[in-house]
Every structure is written in structure tokens, then in C-alpha cells.
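> Take this structure, written in C-alpha cells, and hold onto it; I'll ask about it next.
The values are calculated or read from the model by the stated rules, or taken from the named source; none is laboratory data. Keep in mind the model is a prediction, meaning the values are calculated, not measured. Cβ placement follows ideal geometry from the backbone for every residue including glycine, while neighbour counts extend to all protein chains displayed. Remember, those area values only see protein heavy atoms, side chains included, never the ligands or the DNA or RNA. Shrake-Rupley method; radii C 1.70, N 1.55, O 1.52, S 1.80 Å.
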Amino acid sequence: MTGLTRFTCREMLFIFFVLFISVLVYSSESLAQETKKQVDIDAPSAVAVDAQTGKVLYGKNPHIKLPPASTTKLVTVMVALEKLDPEQKVTISRKAARTPSVSPKLMEGEVYKVRDLVYLALMRSVNSAAVALAEATAGREENFVKLMNDKVQKIGAKDTRFINASGLPGAGQYTTVYDLTKIMSHALAYPLIKEAVHTRVYLIRSENGKEHFIQNTNQLLWAEDNMIGGKTGYTRRARHCFVSAYKVNGRLVYTAILGDTNREQLWKDTQQLVEKAEYVLTGKDEPVVKLSEEKSVMPVSYKKNQKLNKRVKTDKKKVKKISKTKRAANAKNNKRTI
């Protein structure tokens, strides 16, 4: 019995040892997988940029030119605020009133403060408000567009060009997600813009007493505490677009997406960008840039004279769903937003 007992004890010790090693190996593999954030962006172009260093934390075709839709209005408001006082009164022209737009509809002859037109343009994406700002600044929208294009060149958005103040579709109008992060970085230097893109709801009154209660088209304002603000965009050609600013572990991060399939996917893809940025900034993962034409993911290094030849195939992974409670309760799709 003694010999059998010793044999059983040894066997049990051996089994325990094998199990311990197996668990250790499995845990190590799981940890290694958890420290890598796989990104599967649905849109054709997306980017996350560290504001402090200017480094791309994640990029998918970051320099391809695509229609900007209403992300255009960030530049519109920047240029307008360089010339106009926020308390200045603006009369809505016939052209502005007739510009195709989402509600609320601005009527010819109505008078609004510049401040309120800024909120209408950035929160609700009202095209009439953008045209009214352009006319108040430069007399005609065509003259204003020249100022817009001068502005983006000065801030280094070299792959961006506008043909109107609203972002409505037209030939020769384009931007890139990388340029959009530059535009957002400069836009946040304007206190009124920073305030508007962070505001969830706002009450606007015209000079004749007409009231408009508007809600921000950026649904993530209700779901993400670290969201500084953003600007949505949509046209049939451009599809769903979004540029935003986040605080990630105390660091400012810009994200931009162009051409997403629907509004819900836009939020999911933005979340993926923010999560990837956090992984990179905390040292859990490396930055990558994906180029569709090469069907590859390239690790990104910012060390001088270092050549990068390694290419890693992308793995598909389910997109993390937006918060079930906050987002479902407070954010409904608004696919008509221009």
C-alpha cells in the first residue's frame, strides 16, 4: 500500500505540474493576444493621430482624397470667426435660405447672431447657416471659398480643397482623413468652436423671436466621457464622415473617418480608433498604417533611419458594440445629416 500511495502521489504531482505549465503557457498566449488591438475599420479611410507628437497611431489609407461632406463646416466657421464678432447680427439671404439643408429651415429675412449660426452649422450641420456665415464674411460664397482654401493651405492641409462653404457635393472638392485631423487641431483653438462641438443640446432664438431647439449630430457625446467633440458629415457620395478629438490616458488624440457605410458603423469605427490609440500610447501595441492597394498592414516607426520591411496580415475581429444603455437611450441614427 505504501508503494502504491507513493506512486499515486508522484503521479498526481506530475499531473499537477503539467497542468500548471499548460495554464501558464495559455495565460501567456492570452495575455499576448490581449495586448494587441486588432482593428477592422469598415470605412475606406481612417486615422488616429497623437496630437502631442503628430504621429499616426493607426491609419487606413490616410492620404487618399475623398469628399468631405459637412466636415467642411469646421473650416467655414474658422474663417468666419476670424472676420466676424460672435455677437454680430446676420440677415439670412435668399440664396442661404434656398440652400438644400436639414432642419431647422432658416427663412429669408430672418436675423441671427453669428454665435447662433455657428451652433447651427456645427451642431446640427445646417447648410443655410454655413452659407449665411460665408456671405457675412466675404459678401459672396464664391469669395469666401477662396479664403477657405487659403486657410487650409496655411495650416498644412495640402490635400484639401473646397468649392462651397457647406460641404454639399460637387466636382473638385476633397480632403483626407489626415488633413481632417490637422483641421480639427486648429479648429479647437477657437473657443466658440470648441464649445459648440462639445454641446449636446442648444436653444437658438432669431431676432424676431423664432426658436429652434437643436441636438448635436455627434451621438458619441452621450456615450463617451472622454470625448472633446467632433463634426459629422453625410452626402450620398461622401457617405458617413466624422472627425473628432478625444482625451486618451491624458493625451489628446484626433480621429477621422471618411466614407463609412452607415451612422452606426461610424461610431463603432471611431471607437476602434480610440481603443487602438490607447493600446499604442500605453505601450501595449505598435502603430500601423494599412494601405488597401497593398492589402497589408505596415508597422510604423518614428526612429530615424530605421527601415521597415515587415508586413503582417490583418486578422478579422468583431467590432465592439457601442454601450447598450447610454447609446441606445440617447442616440438615434440621423442618416439625413448633411
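> Go through K95, K105, K73 for me and flag whichever is under 20 Å from H240 (Cβ atoms) and basic (K, R).
Numbers: K95 fails: under 20 Å from H240 (Cβ atoms); K105 fails: under 20 Å from H240 (Cβ atoms).
Selected residue: K73, the only one of K95, K105, K73 that is under 20 Å from H240 (Cβ atoms) and basic (K, R).
> Would you check if T235 is modelled with pLDDT of 95 or more, of a type in the set (S, T, N, Q) and more than 12 Å from the chain's Cα centre (by Cα)? Break it down into steps so the answer makes sense when it comes.
Numbers: modelled with pLDDT of 95 or more: yes; of a type in the set (S, T, N, Q): yes; more than 12 Å from the chain's Cα centre (by Cα): yes.
So T235 fits the description; yes.
> Hey, can you tell me all the residues within the stretch 194-229 that are at positive phi and in contact (Cβ under 8 Å) with a residue 40 or more places away in the chain?
Correct list: G229 only.
> Of the residues in the stretch 183-195, how many are open to solvent by 60 Å² or more (accessible area, probe 1.4 Å) and touching a Gly at 6+ places or on another chain (Cβ under 8 Å)? If you could, list the steps in order and put the result at the bottom.
Here is the first cut: in the stretch 183-195, the residues open to solvent by 60 Å² or more (accessible area, probe 1.4 Å) are 186, 189, 191, 194-195.
Applying the additional criterion that residues be touching a Gly at 6+ places or on another chain (Cβ under 8 Å) yields 194.
Counting residues in the stretch 183-195 that are open to solvent by 60 Å² or more (accessible area, probe 1.4 Å) and touching a Gly at 6+ places or on another chain (Cβ under 8 Å) gives 1.
> Follow-up. Are there any pairs, at least 6 apart or on different chains, whose C-beta atoms fall under 6 Å, with the first in the stretch 164-186 and more than 10 Å from P62 (Cα to Cα) and the second of a type in the set (D, E), and if so, which?
Every condition considered, the pairs that remain are A165/E141.
> Conditions: (1) touching a helix residue (DSSP H, G or I) at 6+ places or on another chain (Cβ under 8 Å); (2) aliphatic (A, V, I, L, M); (3) free of Cβ contacts under 8 Å to residues at least 12 places away in the same chain. M148 meets all but one. Number of the miss?
With respect to (1) touching a helix residue (DSSP H, G or I) at 6+ places or on another chain (Cβ under 8 Å); (2) aliphatic (A, V, I, L, M); (3) free of Cβ contacts under 8 Å to residues at least 12 places away in the same chain, M148 is out only on (3).
> When you go through A165, A138, A132, A121 one by one, which is the residue that is open to solvent by 10 Å² or more (accessible area, probe 1.4 Å), within 17 Å of L81 (Cα to Cα) and of a type in the set (G, A, S)? Walk me through it before giving the result.
Numbers: A165 fails: open to solvent by 10 Å² or more (accessible area, probe 1.4 Å); A132 fails: open to solvent by 10 Å² or more (accessible area, probe 1.4 Å); A121 fails: open to solvent by 10 Å² or more (accessible area, probe 1.4 Å).
The conditions single out A138.
> If I41 satisfies every condition in (1) at pLDDT below 95; (2) open to solvent by less than 20 Å² (accessible area, probe 1.4 Å); (3) out of contact with any Asp or Glu (no Cβ under 9 Å at 6 or more places or on another chain) but one, which is the exception?
That leaves (3) as the condition not met.
> Checking Y190 against (1) of a type in the set (S, T, Y); (2) in contact with a strand residue (DSSP E or B) (Cβ under 9 Å, 6 or more places away or on another chain); (3) in contact (Cβ under 8 Å) with a residue 40 or more places away in the chain: exactly one of these is not met. Which one?
The number of the failed condition is (2).
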